[in-house]
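Reading through the structure tokens given below for one structure.
What follows draws every value from the coordinates through simple rules; no lab data is involved. Bear in mind that the values here come from a model prediction, so they are computed numbers and not experimental data. Here the Cβ positions follow ideal geometry from the backbone for every residue, glycine too, while neighbour counts run over all protein chains shown.
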Amino acid sequence: MRIAYFINQYPKVSHSFIRREILALERQGLEIRRIALRGWDAELQDDEDLEERSKTRYVLQGGVKALLRPVWQVLRAQPKRFFSTLCLALRLGRRADRPWPYHLVYLAEACQLLLWLQEDGVSHVHAHFGTNSTEVVMLASALGGPAYSFTVHGPEEFDKPQFLHVGEKVRHAAFVNAVSSYGRSQLFRWVAHEHWDKVRVVHCGLERSFHDVPAVAAPAAPRLVCVGRLCEQKGQLLLLEAARLLAAQGVAFELVLAGDGEMRAQLEALIARHGLQAQVRITGWISSAQVREEILAARALVLPSFAEGLPVVIMEAMALRRPVLTTYVAGIPELVRPGENGWLFPAGAVQELAAAMADCLAQPPEVLQRMGEAAYQRVLERHDIDTEAARLAGYFRASA
């Protein structure tokens, strides 16, 4: 069976979970065609991503003007279907996240996608994220392309479902994946009960090679690591406020912010204002191997997110036998259990975050080891990529 994966940008540093899913599906015997809008010129850290880029076709690599030809080809071949899909695109442009001209571009992208799907004999197309990528595959399907499905991660789809027309996308889809039970519940809110059976839970997963690593004891150094894009929703500003409280209390600690992003300058300014230069370090973009090293060099992962789906980095830290300090947000409590494999605290609560950090830093090695083993077992049970890919492959085959 030949499946196409359609992604807004691929490969991407923060999209390693998509790469893992694609490779696991290929191990299940499926042929996967990679198609993306962008990503041909992205700066990449991992050799695996470089290899994936060589396998990917890019819709926008020739610019928007290059899409005029596929639009004309599709219009000439099936004018009635083209104009009905044009009406659908214009309808999706009403009360939308982006104004209607964007949706005409999505239609042009769908024409190019359709031609490539037909050329490659693709029987099903799957998109990640319920945003513009899913609209493009929905329009391609309306133009006469194969059935489609998509994976909803959040939080964007949960923040503005009406403006993204999430319900419409679910109604037209063969099926929809949520990465957590919480995500499934949010999709239930925007479609009629008759469509609920389309919504499944397929977790993001980790390869066995990630699980099957020797245990590394937590370091003696009082170090915590936060991994993620430096942005509002990840809560790094709150983390620095908690770090200021710990410093004022005389708690010895080191904090590593592993990642980069639009808020880096603001975070660096706050570090300087609070006099935390000796305790806090920002790494910038680093490879997956370097992320692993940073997690292993810390006692625990701390992720004070304000909005999430279910962060893959939590799974990665738990697979490396590190407990997690994070918030009661979205699907996180389905994985992290307070007192067993981590700490949970209310989102936006700086005092509670500081208390959790202080408690973690005060724990003796044997407690951290016990919590790390519990974290490892929990993530192994729920997030093995081959198990999840087998479930997803079954859905693909059933939809053919």
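For the pair ALA278 and SER84, label points projected 7 Å from Cα toward Cβ lie 7.2 nm apart.
Pair-distance distribution P(r) for the chain, from all Cα-Cα distances in 10 Å bins starting at 0: 5, 22, 30, 24, 13, 5, 1, 0 percent. For ARG91 and ALA42, what does the FRET efficiency come to when R0 = 30 Å and r is the distance between their Cβ atoms, rounded to the nearest 0.05? Result of the calculation: an efficiency of 0.35.
Note on GLU293 and VAL64: with the Förster distance fixed at 41 Å, the Cβ-Cβ geometry gives a FRET efficiency of about 0.50. All other residues whose Cβ lies under 15 angstrom from that of VAL179 are scored, Lys and Arg at +1 and Asp and Glu at -1, for a net of -3.
Can you tell me the 0 to 90 degree angle between the C-alpha axis of helix 68-77 and the longest principal axis of the chain, rounded to 10? So the inclination is approximately 50 degrees.
Near VAL213, within a Cβ-to-Cβ distance under 13 Å, what is the net charge of the other residues, with Lys and Arg +1 and Asp and Glu -1?
On the way: positive: ARG208, ARG292, ARG321, ARG322; negative: GLU207, ASP212, GLU293, GLU316.
Around VAL213, the surrounding residues sum to 0.
Once the Cβ-Cβ distance of SER185 and SER14 is raised to the sixth power relative to R0 = 30 Å, the FRET efficiency obtained is 0.75. Towards the positive end of the charge dipole of the chain, with charges on Cβ (+1 Lys, Arg; -1 Asp, Glu), say which of LEU206, SER288, GLN186 has the farthest Cα. Ranked along the dipole, the leading option is GLN186. In degrees from 0 to 90, rounded to the nearest 10, what is the angle of the helix 236-248 Cα long axis to the longest principal axis of the chain? That helix lies at roughly 0 degrees to the long axis.
Seen against the Cα atoms of the chain and their longest principal axis, helix 16-27 is set at about 60 degrees. A simple spin-label model places pseudo-atoms 7 Å from Cα toward Cβ; at ARG337 and ARG391 they are separated by 1.8 nm. The packing ranking of peptides 189-202, 48-61, highest mean first, is 48-61, 189-202, where packing means the average number of other beta carbon atoms within 10 angstrom of each residue. In terms of its C-alpha gyration tensor, the stretch 208-382 comes out rounded, because the ratio a/c of the largest to the smallest axis stays below 1.5. For the chain, relative contact order (Cα pairs under 8 Å, six or more residues apart, normalised by length) works out to 15 percent. Please report how many Lys pairs in the chain have alpha carbons closer than 20 angstrom, counting only residues at least 8 apart along the chain or sitting on separate chains. Lysine pairs meeting the criterion: 5.
Nearest 500 deg cm²/dmol is fine: what mean residue ellipticity at 222 nm does the chain get from its DSSP H runs of n ≥ 4 alone, each adding -39,500 (n - 2.57), divided by its residue count? If you can, show how the numbers build up before the last one.
Working: 17 runs with 185 residues, N = 400.
Computed mean residue ellipticity for the chain: -14000 deg cm²/dmol.
Among DSSP bridges having both ends in the stretch 208-382, what percentage is antiparallel? Round to the nearest 5.
On the way: 1 of 19 bridges.
Close to 5 percent.
Across the stretch 183-203, the residues whose backbone nitrogen lies under 19 Å from the label position 7 Å along the beta-carbon direction of GLN162 are 186-193.
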